[in-house]
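Input: a single structure, listed below in structure tokens.
The values are calculated or read from the model by the stated rules, or taken from the named source; none is laboratory data. Given the structure is predicted, the values throughout are model-derived calculations rather than measurements. Heads up, the Cβs are rebuilt from the backbone with ideal geometry, glycines too, and the neighbour counts pull from every protein chain shown.
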Ligand SMILES: Cc1cc2nc3c(=O)[nH]c(=O)nc-3n(C[C@H](O)[C@H](O)[C@H](O)COP(=O)(O)OP(=O)(O)OC[C@H]3O[C@@H](n4cnc5c(N)ncnc54)[C@H](O)[C@@H]3O)c2cc1C
């Protein structure tokens, strides 16, 4: 029996842990957040109860495996957390990094740090109540720009138009560098917000860009067949707030008012050009000014370079021998020394940032687990520190680590809060409150 440390207890971490544990090895999950689940807990839309509850149950069952251990509230990072070097000193037989894509893609625009400008990741962490984002100011105003046309854009638009209890939204404008044939959202997801689509504004926008998209052979008359079937339906009044699209536009400059808040966005007008069998945007020197008081970037994320793995171009560096062996794509690689970092693997959104749904992360993690298992078969066992030893050691350093025995107490404390407040569910949005609730529940009544 060998020991695998899995860094990151989101879907990828859990499914990999399950596969390796079922093969008879010990697995210790190290997680930044107190609660396990990653984006399944803190990213997926709050109203997708069935999916979230189903995933929580699956992860709970994985945690129940006797050879799976959990150490939460423990970021692995070079400073202000547990450095990778320290983990290595505890002699795991292998380590798998499933930390997701926690870095923010910055475009380097003037005014990018203005108030009212957010990354979608931070914004969804806020409304899904992940500390510390839960208690930070992510208030939105009336005219909201969302950059990007994927499913995350749909979630953000849905929140600001339908579910945010403090919403002031009058208009959401989706800004995309390419055109109406390049939308990335799924029809099923868009259905949540389609009734807000301002059809007349969409028709006008298609007229505005029709010559530019004709350049790559695209015909606006086909838009209803490909991406906006709503245009073919009987006409109707659009509902308030309005949902609009602005195609072939890339943010160029954010203008802030005297309070430092965005009030205007300058966009570059793009052309659409053919590239590699598809299309690409090409900027022109024409610009337009649009009035917004809130802006949210939903353009995908990059990995967190502070974790301590070699990183380049928004991703962790993996073995370049990927044409020769698929395994290489999961092996962490040190480009300075030009060699694979023995026993270090990566999977899920940490391997391919912002790519795919939970099913894809699971597939990727299970594939990684196959290679981890092959590796574990090959190497001699080490004398590894177990979860209990690590928890004790970290406690002696004053770190408050949350174990798998603690998680049911937190769940019970939240269920009680929901009952007391007469809510369908309740979530703490603050680490100290969660830690206090766990201690309170432990004293009150042991979970059987
Ligand atoms: C807004 C949004 C909505 C989505 N909606 C859906 C949906 O409806 N349906 C669907 O199937 N998929 C959805 N997805 C995609 C899905 O969430 C991902 O496919 C999946 O969560 C990726 O899993 P992961 O484990 O690779 O990463 P994550 O889920 O991000 O998990 C990473 C884990 O690593 C931990 N971690 C991070 N940094 C560190 C560190 N330094 N040290 C230790 N631990 C760390 C985090 O705490 C987290 O637990 C959505 C994604 C987003 C962003």
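Would you mind stating whether residue 182 is in contact with a strand residue (DSSP E or B) (Cβ under 8 Å, 6 or more places away or on another chain), touching a residue at least 60 places away in the same chain (Cβ under 8 Å) and within 22 Å of residue 265 (Cα to Cα)?
no
For region 213-238, which residues satisfy the criterion of being touching a residue at least 40 places away in the same chain (Cβ under 8 Å), over 30 Å from the mean Cα position of the chain (by Cα) and closer than 30 Å to residue 293 by Cβ?
213, 238
(1) in a loop (DSSP other than H, G, I, E, B); (2) away from the ligand (no atom under 11 Å from the Cβ); (3) within 28 Å of residue 426 (Cα to Cα): which one isn't true of residue 101, the others all being true?
(2)
Within region 77-91, which residues are within 12 Å of the ligand (Cβ to nearest atom) and in a helix (DSSP H, G or I)? It would help to see each step written out before you state the result.
In the first step, residues of region 77-91 are kept if they are within 12 Å of the ligand (Cβ to nearest atom); the result is 77-84, 87.
Answer for region 77-91, where residues must be within 12 Å of the ligand (Cβ to nearest atom) and in a helix (DSSP H, G or I): 84, 87.
Name the single residue, out of those in region 394-426 being more than 24 Å from residue 80 (Cα to Cα) and touching a helix residue (DSSP H, G or I) at 6+ places or on another chain (Cβ under 6 Å), that is surrounded by the fewest Cβ atoms within 10 Å (Cβ to Cβ).
425
Among the residues of region 298-331, write down those that are within 30 Å of residue 174 (Cα to Cα) and more than 16 Å from the ligand (Cβ to nearest atom).
312, 313
Out of (1) without any contact (Cβ under 8 Å) to a residue 12 or more places away in the chain; (2) surrounded by 17 or more Cβ atoms within 10 Å (Cβ to Cβ), the odd one out for residue 204 is which?
(2)
Quick check on region 317-341: of everything there that is under 25 Å from residue 87 (Cβ atoms) and touching a helix residue (DSSP H, G or I) at 6+ places or on another chain (Cβ under 6 Å), which residue is surrounded by the fewest Cβ atoms within 10 Å (Cβ to Cβ)?
Result: 328.
What about residue 95, is it crowded, with 20+ Cβ neighbours inside 10 Å, under 18 Å from the mean Cα position of the chain (by Cα), within 14 Å of the ligand (Cβ to nearest atom) and over 17 Å from residue 305 (Cα atoms)?
Spelling it out, it is not the case that residue 95 is crowded, with 20+ Cβ neighbours inside 10 Å, under 18 Å from the mean Cα position of the chain (by Cα), within 14 Å of the ligand (Cβ to nearest atom) and over 17 Å from residue 305 (Cα atoms).
Identify the residue in region 1-16 that is under 21 Å from residue 83 (Cα atoms) and more than 9 Å from the ligand (Cβ to nearest atom) and, among all such residues, is surrounded by the fewest Cβ atoms within 10 Å (Cβ to Cβ).
3
Just one of 61, 19, 52 is surrounded by 16 or more Cβ atoms within 10 Å (Cβ to Cβ), more than 21 Å from the chain's Cα centre (by Cα), modelled with pLDDT of 95 or more and not in a loop (DSSP other than H, G, I, E, B); which is it?
Just one listed residue meets the conditions, 19.
Name the residues in region 121-142 that are in contact (Cβ under 8 Å) with a residue 60 or more places away in the chain, surrounded by fewer than 22 Cβ atoms within 10 Å (Cβ to Cβ) and in contact with a strand residue (DSSP E or B) (Cβ under 8 Å, 6 or more places away or on another chain), would you?
Those that are in contact (Cβ under 8 Å) with a residue 60 or more places away in the chain, surrounded by fewer than 22 Cβ atoms within 10 Å (Cβ to Cβ) and in contact with a strand residue (DSSP E or B) (Cβ under 8 Å, 6 or more places away or on another chain): 141, 142.
For region 342-361, give me each residue that is surrounded by 13 or more Cβ atoms within 10 Å (Cβ to Cβ), without any contact (Cβ under 8 Å) to a residue 12 or more places away in the chain and more than 7 Å from the ligand (Cβ to nearest atom).
355
Would you check which residues across region 22-42 are outside any loop (DSSP other than H, G, I, E, B), over 18 Å from residue 57 (Cβ atoms) and within 13 Å of the ligand (Cβ to nearest atom) and list them?
Of everything in region 22-42, those that are outside any loop (DSSP other than H, G, I, E, B), over 18 Å from residue 57 (Cβ atoms) and within 13 Å of the ligand (Cβ to nearest atom) turn out to be 28, 30.
Taking region 143-166, which residues are away from the ligand (no atom under 14 Å from the Cβ), over 21 Å from residue 273 (Cα atoms) and out of contact with any helix residue (DSSP H, G or I) (no Cβ under 6 Å at 6 or more places or on another chain)?
If the condition is that a residue be away from the ligand (no atom under 14 Å from the Cβ), over 21 Å from residue 273 (Cα atoms) and out of contact with any helix residue (DSSP H, G or I) (no Cβ under 6 Å at 6 or more places or on another chain), then 143, 145, 162, 164, 165, 166 are the ones that fit.
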